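What follows is a set of notes on a single structure, which appears directly below.
The values are calculated or read from the model by the stated rules, or taken from the named source; none is laboratory data. What you see is a predicted model; the values in this text were computed from it and never measured. Cβ atoms come from the backbone with ideal geometry, glycine included; neighbour counts cover every protein chain shown.
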Amino acid sequence: MSAEQIVAYPSPEEYLIRERKAKHRSEYENGEMIVMAGASYEHNLIVTNLSGELRLRLKKSPCTPLSQDMRVAISYRKYYYPDVVIVCDKPEFVDNQLDTLLNPIVVVEVLSPSTENRDRKTKLRSYRAVETIQEIVFVSQELPLLEVYRRGVTGWTLHDYEGLDAVLTLSSVNCEVPLSEIYDRMDFDLPPKNA
């Protein structure tokens, strides 16, 4: 995503009311509403490719990939929109609006220059605190590289997948996706764009 704008709001309940009426998506952190800017072509291409591949590979499993418009409740005071989220079995929601997920298994963030710092620091720390989340995936737009933080018995471990010949493994949902499919139609010879 592109640069974000922060707007203050008084409560999580007020955030959900306003967000459900808003024209543009906003995330929420501890009383601040962070307006999300539009994404680049490359960002959208990666999200579309990954979502499509996950849908094909998880079709006969109890797991479902959802993309950018599924809000996730991280805690009572934090709500994010991961680029891709996977939920297994029965999804649980904050309320009967069915638009704020409580039990994601995997979350994916496609990194952008304007959001990478927040994704890697604030969001990573927040995602790790959610008991249901087993894997957190960061996807580079600049080169074929994915970083997967995987929950284990003794804590979190980092796994890198680099190069178009690599195959992403999502152990928590028993799924593999070649990076060549995730980065299909990406041109890494072009100079990176600020997105």
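Inclusion of Thr115 among residues that are out of contact with any strand residue (DSSP E or B) (no Cβ under 7 Å at 6 or more places or on another chain), buried (at least 17 other Cβ atoms within 10 Å of the Cβ), touching a residue at least 24 places away in the same chain (Cβ under 8 Å) and under 29 Å from Glu13 (Cα atoms) is warranted. For the range 55-65, the criterion of being surrounded by fewer than 19 Cβ atoms within 10 Å (Cβ to Cβ) and closer than 17 Å to Val139 by Cβ is met by at least one residue.
One residue stands out among those in the range 80-96 that are touching a helix residue (DSSP H, G or I) at 6+ places or on another chain (Cβ under 7 Å) and touching a residue at least 60 places away in the same chain (Cβ under 8 Å): the one that is nearest to Gly38 (Cα to Cα), which is Ile86.
Here Tyr80 passes the criteria (1) at pLDDT below 95; (2) crowded, with 19+ Cβ neighbours inside 10 Å except the one numbered (1).
Scanning the range 19-70 for residues that are modelled with pLDDT under 90, under 24 Å from Pro91 (Cβ atoms) and either touching a Gly at 6+ places or on another chain (Cβ under 9 Å) or of a type in the set (D, E, K, R) (or both) yields a total of 1.
When the range 162-174 is limited to residues that are in contact with an Asp or Glu (Cβ under 8 Å, 6 or more places away or on another chain) and assigned to a strand (DSSP E or B), the one that is surrounded by the fewest Cβ atoms within 10 Å (Cβ to Cβ) turns out to be Val167.
Pairs are defined by a Cβ separation below 9 Å, a sequence spacing of at least 6 or placement on different chains, a first member in the range 131-147 that is closer than 15 Å to Ser180 by Cβ, and a second member that is in a strand (DSSP E or B) and of a type in the set (Val, Ile, Thr); the pairs so defined are Val139/Val84; Val139/Val108; Val139/Val110; Ser140/Val110; Leu145/Val139; Leu146/Val108; Leu146/Val137; Leu146/Val139.
Please work out which residue is farthest from Val72 (Cα to Cα), limiting yourself to the range 106-147 and to residues that are part of a strand (DSSP E or B) and not β-branched (Val, Ile, Thr). Working first, answer last.
Filtering the range 106-147 down to residues part of a strand (DSSP E or B) leaves 106-110, 135-139, 145-147.
Retained after the next criterion (residues that are not β-branched (Val, Ile, Thr)): 109, 135, 138, 145-147.
Details: Glu109: 13, Glu135: 15, Phe138: 17, Leu145: 25, Leu146: 21, Glu147: 21 Å.
Result: Leu145.
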